[in-house]
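The values are calculated or read from the model by the stated rules, or taken from the named source; none is laboratory data. Every value quoted in this text rests on a predicted model; they were computed, and no experiment measured them. Cβ placement follows ideal geometry from the backbone for every residue including glycine, while neighbour counts extend to all protein chains displayed. Areas reflect the complete protein model, heavy atoms only, side chains present, ligands, DNA and RNA absent. Shrake-Rupley method; radii C 1.70, N 1.55, O 1.52, S 1.80 Å.
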Amino acid sequence: MNIILTFTLLMIPGAVTSISVTGYSEGGVIITCKYEKQYRTNMKYFCRSIWSGCSDLIRTNIKDEWVNDGRFSLYDDTRAAVFTVIIRDLNKQDSGTYYCGFYAHLYAYTEVNLKVREGIQRRTVTGYSGGNIIINSKYEKEHTNRLKYICKTKTTHPCFDLIYSKNRSEWSHNDRLSIHDDKTAGLLQVFIRELNVEDSGKYRIIFQVSEDYSFFSELNLDVKEDDCCEKVISLSATSGESVNISCRYPQSHWRDSKFFCRISGADTCAHETSVNVNRRWTQERQLQLYDDREVHLLTVIISNVTDSAEYWCGVQPHQQYKIFITRVQLNVTVKLDISAVSPLSSDSSLIIILSVVLVLIFIGLLLMIVTLYKRHQTRGADSSSKRENETVFQTACDYEEIKDFRLHNDSDTGRSAEYNTAQILTNTSDSDNALYSTVTLTYAVVNFHKKSDCVDRISFSNNQDYSEYATVSQAIV
């Protein structure tokens with residue numbers, strides 16, 4: 001519905017602010033209009049100034065909910081006391097003066113001067129389930145320091161799942177979505193990984209110019225299922241070898257440029273090599289590419305591989321985006337150089353052998369020292385014990401009876417005895433005649449017999465030499 005406001009209404013006090021807004025064709029703008037909190041319940045509107053008044057573009061009395069009318073959307077945030085207006089699908093004819101305000105006892109409004117430039121165009125990009133896609137958005141130098149972010153739109157909500165770029169030149173990540181602002185090149189890059197059909201839809205890349213407004217470009221993402229191509233290829237190689245890789249691509253991309261790149265730590269392409277001619281080898285550094293468009297096959301040769309890495313085969317339909325189709329996981333094992341290792345191994349073996357020998361020698365010396373020390377301690381203990389205790393160790397033995405043979409007269413005993421008589425001459429002073437006194441010495445014969453369990457000799461603790469004795473008794477007749 002159009003409401004015609006007279007110039008008189010537009011001239012009444014209440015137009016407290018005036019802002020300038022710049023947008024780009026086929027893109028859109030987001031305008032923020034503030035109001036005082038006592039007007040939260042009032043109806044909000046957005047209109048365009050014409051020669052006879054203001055043509056109402058959208059108005060609503062609905063609070064805290066998006067209201068859509070054609071290319072316009074309005075959201076009245078009663079908590080923040082602001083309402084937001086979105087204009088989509090801009091064109092040059094949309095340049096002009098607009099007003100956003102509310103109905104009260106007087107009309108209060110904010111003047112908006114919109115200027116639409118040529119430049120950003122809506123894009124439709126195609127991706128494939130299981131693959132990745134990277135989208136490039138060029139921007140003017142004046143927007144270098146603007147805050148930038150991307151979101152996905154729905155009918156009931158104009159933007160959700162936001163991810164903002166960082167002020168520093170590095171990637172920001174949110175789940176499968178990444179964004180990078182290359183301020184030097186004036187290029188904003190959006191990277192979406194592991195695509196699926198549910199990712200299809202409309203997206204907005206937004207540049208926030210100020211608190212009052214932002215502008216955005218729109219893109220349509222179409223994710224397809226295509227069984228023509230392998231999603232993942234796993235290969236193994238030894239360092240120094242060459243690897244051949246074959247990547248198929250959809251027939252619809254036969255005219256497009258093909259690329260092969262290595263994924264860096266930021267999940268983006270690094271060391272990329274492209275080919276855009278049919279059946280002709282393209283070589284760059286260690287890579288060789290060959291595109292056979294008749295069979296829709298990209299052949300890649302990597303020479304002298306050095307380490308494991310993740311690569312991607314893909315197509316580039318447009319300068320503004322790339323489609324990653326097949327993931328290539330290359331596992332490289334290190335090849336041992338025997339000529340370099342053998343001397344080292346020999347030296348190592350010799351060192352090990354010498355070390356073992358030295359250890360064994362040390363252990364042997366240690367055992368010898370311990371043994372000698374124990375022997376010394378034992379001998380010292382024995383000597384001390386012998387000196388302190390004069391104990392005669394004997395072993396019980398059986399001895400034969402020792403018979404005492406005495407000298408008897410035969411007349412008394414009637415027996416004869418064997419004996420030796422020693423006569424001792426005693427000289428008396430009383431007479432010249434010699435008086436002989438016979439002294440008979442009687443000997444006892446002792447016979448010792450050795451038994452198997454008897455010690456040969458009796459030992460004494462005073463360390464005297466061992467001796468054998470016979471008992472001699474004197475018998476006086």
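Data overview
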{"read-out": "Test: residue in segment 143-153 that is assigned to a loop (DSSP other than H, G, I, E, B), out of contact with any strand residue (DSSP E or B) (no Cβ under 8 Å at 6 or more places or on another chain) and under 21 Å from F324 (Cα atoms)", "value": "no"}
{"read-out": "Pair list, Cβ under 6 Å, 6 or more apart: segment 45-71 residue on the phi > 0 side of the Ramachandran plot, other residue open to solvent by 30 Å² or more (accessible area, probe 1.4 Å) and modelled with pLDDT under 90", "value": "G53/I4; G53/T6"}
{"read-out": "Subset of segment 262-286 (residues that are of a type in the set (G, A, S) and either modelled with pLDDT of 90 or more or not in a strand (DSSP E or B) (or both))", "value": "S264, G265, A266, S274"}
{"read-out": "Subset of segment 32-85 (residues that are more than 20 Å from S214 (Cα to Cα) and of a type in the set (A, V, I, L, M))", "value": "M43, I50, I62"}
{"read-out": "Of residues in segment 150-182 being modelled with pLDDT of 80 or more and among the hydroxyl-bearing types (S, T, Y), the one farthest from I263 (Cα to Cα)", "value": "T153"}
{"read-out": "Segment 274-287: number of residues that are farther than 17 Å from I233 by Cβ and crowded, with 19+ Cβ neighbours inside 10 Å", "value": "1"}
{"read-out": "Number of the exception - R59 against (1) at pLDDT 90 or above; (2) open to solvent by less than 70 Å² (accessible area, probe 1.4 Å)", "value": "(2)"}
{"read-out": "Residues being part of a strand (DSSP E or B) and within 14 Å of G96 (Cβ to Cβ) - total across segment 20-57", "value": "15"}
{"read-out": "Any chance E111 is acidic (D, E) and crowded, with 16+ Cβ neighbours inside 10 Å", "value": "yes"}
{"read-out": "Filtered residues of segment 154-184 (kept if open to solvent by less than 80 Å² (accessible area, probe 1.4 Å), under 24 Å from G119 (Cα atoms) and part of a loop (DSSP other than H, G, I, E, B))", "value": "P158, C159, S165, K183"}
{"read-out": "Within segment 116-149, tally of residues that are touching a Phe, Trp or Tyr at 6+ places or on another chain (Cβ under 6 Å) and either farther than 23 Å from R71 by Cα or at pLDDT 85 or above (or both)", "value": "10"}
{"read-out": "Test: residue in segment 208-215 that is modelled with pLDDT of 90 or more, of a type in the set (F, W, Y), closer than 30 Å to Y99 by Cα and touching a Phe, Trp or Tyr at 6+ places or on another chain (Cβ under 7 Å)", "value": "yes"}
{"read-out": "Condition met for E142 (acidic (D, E) and closer than 30 Å to S55 by Cα)", "value": "no"}
{"read-out": "Count - residues of segment 58-86 that are out of contact with any Lys or Arg (no Cβ under 6 Å at 6 or more places or on another chain), in a strand (DSSP E or B) and hydrophobic (A, V, I, L, M, F, W, C)", "value": "7"}
{"read-out": "Residue match in segment 73-85 (condition: open to solvent by less than 10 Å² (accessible area, probe 1.4 Å), of a type in the set (G, A, S) and touching a Cys at 6+ places or on another chain (Cβ under 8 Å))", "value": "no"}
{"read-out": "Qualifying positions in segment 114-139 - open to solvent by 70 Å² or more (accessible area, probe 1.4 Å) and either under 34 Å from the mean Cα position of the chain (by Cα) or under 20 Å from V190 (Cα atoms) (or both)", "value": "Q121, R122, T124, K138"}
{"read-out": "Output for segment 302-316, where each listed residue is surrounded by fewer than 19 Cβ atoms within 10 Å (Cβ to Cβ) and more than 31 Å from the chain's Cα centre (by Cα)", "value": "Q316"}
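To keep it simple, each residue is scored yes or no on (1) closer than 30 Å to R122 by Cβ; (2) of a type in the set (K, R); (3) touching a strand residue (DSSP E or B) at 6+ places or on another chain (Cβ under 9 Å); (4) open to solvent by 40 Å² or more (accessible area, probe 1.4 Å).
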{"residue": "E194", "(1), (2), (3), (4)": "yes, no, yes, yes"}
{"residue": "F207", "(1), (2), (3), (4)": "yes, no, yes, no"}
{"residue": "I233", "(1), (2), (3), (4)": "no, no, yes, no"}
{"residue": "P250", "(1), (2), (3), (4)": "yes, no, yes, no"}
{"residue": "T268", "(1), (2), (3), (4)": "yes, no, yes, no"}
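A quick yes/no check of all residues on (1) touching a residue at least 60 places away in the same chain (Cβ under 8 Å); (2) closer than 30 Å to E218 by Cα; (3) not acidic (D, E):
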site: Y249; (1), (2), (3): yes, yes, yes
site: T268; (1), (2), (3): yes, yes, yes
site: N276; (1), (2), (3): no, yes, yes
site: E284; (1), (2), (3): no, no, no
site: V300; (1), (2), (3): no, no, yes
site: C313; (1), (2), (3): yes, yes, yes
site: V328; (1), (2), (3): yes, no, yes
